[in-house]
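Notes for the one structure printed next.
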Amino acid sequence: MTTKPKAKKFRIRRSSAASEIQTDLTEGAPAANTPRPAASVRPQPAQDHVTPRKLNPMEEAALEPHEDGFPDRKFATATDVGSNASAEEDILAIRNEGLTGRQLRMARRVAQKHGISANSDYDAVRQLRKAGIDPFQRAAMLDLVAPDGGDKNEEEVKLPQTVDKPKLPGPQVFDAADRAQAIMDIQMGIVQRRRRKLLMLVTRLAFFVLLPTILVGYYYHNIASPMYATKSEFIIQQADGAGGSGLGGLFAGSGLATSQDSITVQSYLSSRDAMLRLDQDFGFKQAFTADGIDSIQRMPENASNEEAYKTYKKNILIGYDPTEGIIRMEVVAPTASLSQKFSQALIGYAEARVDNLSQRLRNDQMKGSHETYEEAERDMLAAQDEVLRLQEELGVFDATTDASALMGQINGFEAQVREKTLSLQQLLDNPRPNKARVDGIRGDIKRLETLIAELRDELTVGGAEGSLASVSARLRVAQTNLETRVMLMQQSLQQLETARIEANKQTRYLELGVNPVAPDEPTYPRKFENTVLAFLIFSGIYLVLSLTFSVLREQVSA
């Protein structure tokens, strides 16, 4: 698409000279030597007086003489300076004439025709007049449009010449029949162009849309091998006691509690590991390299693991619904029995993976508790062995009991000493006491005091094995250590039981919602749906390409 160039309109003020020339022309008395006005000048009424244009401050400053800084010295270029000053005066005088813009353009074209180099339109007028050429003469303007190769030195014709009447084509008058025929021709041209464009559109649609759609439909209806799909659904659940407090209890019964395990199982079933295990157990590669499968769906002989994995991802479709926590699996195989076998095998792999994940989690939780309990039990047994060793070494079962028995004996003997002392005092109170009885009581008191001293020495000083107090202290320390170890072992046993309960809560198991059942009819290909889908795809591609080419064509032609 092209746009017409737009020309600016100018309003030109006519000068007094042009008005005088126009007045002479209107009076009908052109002279041979009188300069004619510019060609195609509209006649306008003559003006009485034309006021010359007033110079602006910038033009006045430019025309004023300037001091060059050397007023008293004369240089070789003084003549040039003088000539430049005279030229500026001439240009100023020409400016004061009030020439129109059209006259100035005419003067520039005449100067270019005669090979005069001018700095401005006013300079062109000055140089033309200096060369003796009238820039506004009609003959000079006619030279501008003279044919190439013409003689420029021919004598200028200044008088009007008689010319033959040009033979111009007469006005053609259309009658009603001619107009109707012209309109019909235009309409027939439009119809033909529309038919041609419609034919080209139908041809492009047939080549780029209909033909590929027909080929795809022929493949799905006549060539594509039937495939059987087995669908199954299962969910991964926790143990019933997996409640808990806080936010964990809120999501205990939802699919969010087992979302990580479900995503892990989905990733495992979509991995190369599951593909290799399925191929090793049931011959996945061999099933898709059979001769009964068409060449597009069949894998090549001795296919690599990467090619087999591409076919595996195309035929094993696994999806996970995070809102419900359900894993949906669709297994496609060349036969219904193979499809069912593959589906059952993959479910078994998923169950083993779930058990492995929960078992590892339980083992990690129980490992620390088991180690703590075993260490506490070993320390308790060591403390008990130390108590037994001290009892056997010291010959004391219970130092506290032995000390209590010794203190009881000491207390009894001291009571007897006090009784004997009282008896002795009674005998000594007699004026003539019985000496034999006094000596006997004194001997009993002495023997009891000796016995008490020995018992006290045995309680505090002791023999080679130490005193009863030291033995009691050692046994007490050993028994206290034993009691501490027993308490720690009890706490470890309690922690072990708590860890076992928490580990049981972490138990995961896979529960089937939809069992895999072999179909009795082929599931794929879906002939009609796939053909319609191919038509829509090719139509969309054609539409996008046509719009792109149209935009590019518009941009190039603009």
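The values are calculated or read from the model by the stated rules, or taken from the named source; none is laboratory data. Note that the structure is a prediction, hence the values are computed from the model and not measured. So basically every Cβ, Gly included, is an ideal-geometry build from the backbone, and we count neighbours across all protein chains shown.
Do any residues in the range 106-123 that are on the phi < 0 side of the Ramachandran plot and free of Cβ contacts under 8 Å to residues at least 12 places away in the same chain have Cβ atoms under 9 Å from those of residues that are among the β-branched types (Val, Ile, Thr) and surrounded by 20 or more Cβ atoms within 10 Å (Cβ to Cβ), where the two are at least six apart or on different chains, and which pairs are they?
Close Cβ pairs (under 9 Å, with a partner that is among the β-branched types (Val, Ile, Thr) and surrounded by 20 or more Cβ atoms within 10 Å (Cβ to Cβ)) amount to Ala118/Val125.
It is to be established whether one or more residues within the range 384-394 are modelled with pLDDT of 80 or more and not in a helix (DSSP H, G or I).
no
Specify which of the listed residues (Glu330, Glu307, Glu324, Glu374) is part of a loop (DSSP other than H, G, I, E, B) and surrounded by fewer than 20 Cβ atoms within 10 Å (Cβ to Cβ).
Only one candidate passes the filter, namely Glu324.
Okay, residues lined up against (1) within 43 Å of the chain's Cα centre (by Cα); (2) at pLDDT 75 or above; (3) acidic (Asp, Glu):
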| position | (1), (2), (3) |
| --- | --- |
| Arg485 | no, yes, no |
| Met489 | no, yes, no |
| Glu497 | no, yes, yes |
| Ile501 | no, yes, no |
| Leu510 | yes, yes, no |
| Thr523 | yes, yes, no |
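Rundown of residues vs (1) in contact with a Cys (Cβ under 6 Å, 6 or more places away or on another chain); (2) at pLDDT 90 or above; (3) in a helix (DSSP H, G or I), yes/no style:
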{"position": "Ala257", "(1), (2), (3)": "no, no, yes"}
{"position": "Thr264", "(1), (2), (3)": "no, no, yes"}
{"position": "Leu278", "(1), (2), (3)": "no, yes, yes"}
{"position": "Asp281", "(1), (2), (3)": "no, yes, yes"}
{"position": "Asp291", "(1), (2), (3)": "no, no, no"}
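When the residues of the range 82-105 are filtered to those that are surrounded by 15 or more Cβ atoms within 10 Å (Cβ to Cβ) and either without any contact (Cβ under 8 Å) to a residue 12 or more places away in the chain or outside any helix (DSSP H, G or I) (or both), which remaining residue is farthest from the chain's Cα centre (by Cα)?
Here the residue is Glu97.
With respect to the numbered conditions (1) at pLDDT below 85; (2) surrounded by fewer than 16 Cβ atoms within 10 Å (Cβ to Cβ); (3) farther than 30 Å from Leu276 by Cβ; (4) not hydrophobic (A, V, I, L, M, F, W, C), which one is the sole condition not fulfilled by Ser369?
Result: Ser369 passes all but (2).
Out of everything in the range 513-558 that is in contact with a Ser or Thr (Cβ under 7 Å, 6 or more places away or on another chain) and not in a loop (DSSP other than H, G, I, E, B), what residue ends up being surrounded by the fewest Cβ atoms within 10 Å (Cβ to Cβ)?
Among those residues, the one meeting the criterion is Val514.
Count, please, the residues in the range 215-237 that happen to be in a helix (DSSP H, G or I), among the hydroxyl-bearing types (Ser, Thr, Tyr) and out of contact with any Ser or Thr (no Cβ under 8 Å at 6 or more places or on another chain).
Residues that pass the stated criteria total 2.
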